[in-house]
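See below for the structure under consideration.
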Amino acid sequence: MKTKTKIRITLITIALFATAGLFYATIPATGVPFAADYQPISVAAAPAQLIVSHWCDEDLDKVSDTAVVSHFATIPGPSVGCIERYMAISPSLGTWTPGFVYVTQINEVYKFAPDGSSVSLFATIPGCGGTHSGITFDHFGTHFNFDMIVTCETGQVARVTPLGAVSVIATIPAGHELEGPAVVPDALGPFGGQIWAADEETNHVIAISNTGAVNLTLFTWGGAESVLVIPPNPCSFGNSNGAMFSANFNSNNITKFTPADLSGLGGNVLVTSESNAGILLVGFNGTSYTGAYFEQPPSAYEGSAITDCLVVPSPTPTPTATATATATATATATATATATSTPTPTPTPSGQVSQITPTGTTCSQFANGTAETLSNLNYSVAGGKVKNNVTPGVFFYWVKVTVPAGNNSVTITQTITTGNFTGLFNFTSGSSAYNPSCGNLSTTITQNPTTKAVTVQFNAPTPGTYVIGVKYDSKSIVGLPAPSPGTTVHYDFATTGVPGSTSGLDLIKN
């Protein structure tokens, strides 16, 4: 929760039925910055995946094991503003297909392919509301049958099966804020085998059984944010030497902990803090719960994840040369797509997925690979604001999409990756969807007034590869405060669910 006053906690208190069992010590672990990412909220980690969500947008990033950050996918639909979106990656347990990324957005859970190439609405949690919903997978199967667990700020605790069937098993009373749940091992004391969920509102960890029994004050930890179960043999994300990752919202980075930091602690639980309390290590000594600092203050984290060693086999990209359209209206990659997006795309053969071009470009030129790429716009500044001489005055973003027959809806996003400007571009007349022969189709185009995401709706007479051309007004940014710091702004345009569809454009000062 971003508006709360941060409170520094310097004393560990663990209470069970009002009886304190305290073991005070310090485990020598210190997180180190791994990758820079703006306002990170949630992290999902597996041996071949590291995915990050953000506070005020629907875009998800992927991070390589060398800390390179790039776009992964976008949650579809209209923007819902600044909320906390949490994620989990399906393990190879029960009947789950490993490697799929599941993301909460208030009462909804979205399912993304391992490479982000497709997305669908997986489940809707009845009554769920607020600004954040937690998510995890049961890794033990004893009490929750390997189900997905979702917790809501408004108190709902739900189980979701691999088929998307939802059952609400408990509702926490008002005045609590559930986040970062985990199903803990049976051996972890009287509340072993239950769901433990962080409650930053009351500084407690709450326990929920599979029958819906609730203990609201299992123990206390200031600003409790995430509950994490340490595996017996911690593993790393790729070659990163990272066994645990935390979203450091205030510092705009992802913090890393190594397998050595977790070594010998398997079966215990970590509880992170959003309010500078540090990370608590919780165990059970056969009589009472024990607590120790895993990392001492002043660490303050949003969502965290331990690299899930059970996400095996490692996911591989799903699009192939024979990819076909899914049954959803979300566009998928074209059958011949081979281009890899770069910050400044250059002309490629006609198999390319997307391209930014100057005004006057036709659908046929883009489709056959003869269109010129526009790599930058130019602007001037007067009185600290962008002048009315942005050139060229318009430009096109083109993309090929493979869709089923019938009504289709395709969303095109634009993102400023340099973080030094707020101006986004409006679409203008001349935008359209085209059939495989580049004939105009009847098209409905709308634009989100806040995110400037463009939604293109059209009817495809037959399944196949269609072309969309969105014409943008370069002068949409005239009169806005000039970019700062720095004078060059980089934009990425991308089509939701279409791999290789990201094309970049620089705004450069004259």
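The values are calculated or read from the model by the stated rules, or taken from the named source; none is laboratory data. Being a predicted model, the structure only gives us computed values, none of them experimental. Positions of Cβ are generated from backbone atoms using ideal geometry, with glycine treated the same way; all protein chains shown enter the neighbour counts. Side chains are part of the model used for accessible areas, which takes the heavy atoms of the whole protein and leaves out ligands, DNA and RNA. Shrake-Rupley method; radii C 1.70, N 1.55, O 1.52, S 1.80 Å.
Normalised radius of gyration for segment 346-467, please: alpha carbon Rg relative to 2.2 N^0.38 Å, two decimal places. Spell out each step's value before the answer.
Details: Rg = 15.8 Å, N = 122, 2.2 N^0.38 = 13.7 Å.
Taking N as the residue count of segment 346-467, the ratio is 1.16.
Work out, step by step, the length gained on full extension between ALA187 and THR217: first 0.36 nm times the residue separation, then minus their alpha carbon distance; give nm to one decimal. The partial results should precede the final answer.
Numbers: separation 30, 0.36 × 30 = 10.80 nm, distance 1.95 nm.
Extending this stretch completely gives an extra 8.8 nm.
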Check: Given segment 137-272 reduced to its alpha-carbon atoms as identical point scatterers, what log10 I(q)/I(0) does the Debye formula return at q = 0.15 Å⁻¹?
Finding: -0.77
Margin query: Semi-axes of the equivalent ellipsoid for segment 235-304, please: Cα gyration tensor eigenvalues, times 5, square-rooted, ordered largest first, whole Å.
Written below: 22, 17, 8
Check: Roughly what would the spin-label model give for THR287 and TYR38, points 7 Å off Cα along C-beta, in nm?
Finding: 5.4 nm
Check: Label point 7 Å out from VAL381 along Cα-to-Cβ: which residues of segment 472-499 have amide N under 14 Å?
Finding: 479-489
Item checked: Per residue accessible area of the chain, 1.4 Å probe, in Å² -> 38 Å²
Next item on the list: Using a 10 Å cut-off on Cβ atoms, rank the peptides 272-283, 244-255 from the highest mean neighbour count down.
Entry: 272-283, 244-255
Margin query: Can you compute the modelled spin-label distance between ASN389 and THR131, with each label point 7 Å from Cα toward Cβ, in nm?
Written below: 4.3 nm
Notebook entry, point to check: What's the extension gain from CYS56 to ASN420 if we count 0.36 nm per residue and subtract their Cα-Cα distance?
Noted result: 129.5 nm
Item checked: segment 59-137 and segment 235-281: distance between their alpha carbon centers, rounded to Å -> 20 Å
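Once the Cβ-Cβ distance between THR444 and THR202 is put in as r, and R0 is 45 Å, what FRET efficiency do you end up with, to the nearest 0.05? Show your work: numbers first, answer last.
Details: r = 48 Å, r/R0 = 1.06.
Calculated value: 0.40.
Using helices alone, I'd like the mean residue ellipticity at 222 nm for the chain: each DSSP H run of four-plus residues gives -39500 (n - 2.57), total over residue count, nearest 500. Please list the in-between numbers first.
Working: 2 runs with 9 residues, N = 510.
Rounded to the nearest 500, the figure is -500 deg cm²/dmol.
Express the carbon and sulfur contribution to the solvent-accessible surface of the chain as a percent, rounded to the nearest whole number, probe 1.4 angstrom. Provide the component values of the computation, followed by the final result.
Details: 10500 of 19170 Å².
C and S fraction of accessible area: 55 percent.
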Check: Among (1) 4, 19, 28, 23, 15, 9, 2, 0; (2) 3, 17, 24, 23, 16, 10, 5, 2, 0; (3) 3, 15, 19, 18, 14, 13, 9, 6, 2, 1, 0, which one is P(r) over Cα pairs in 10 Å bins from 0, in percent computed from these coordinates?
Finding: (1)
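Please quote Rg/Rh for segment 398-510 to two decimal places, taking the Kirkwood radius as Rh and restricting both calculations to Cα atoms. The partial results should precede the final answer.
Details: Rg = 15.4 Å, Rh = 15.0 Å.
Answer for segment 398-510: 1.02.
At 0.36 nm per residue, and after removing the present C-alpha to C-alpha distance, how many nm does the segment from THR30 to CYS82 gain when stretched out fully? If you can, show how the numbers build up before the last one.
Details: separation 52, 0.36 × 52 = 18.72 nm, distance 2.97 nm.
Length gained between THR30 and CYS82: 15.8 nm.
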Notebook entry, point to check: Put a dot 7 Å past each Cα toward the Cβ at ALA174 and LEU480; how far apart are the dots in nm?
Noted result: 4.0 nm
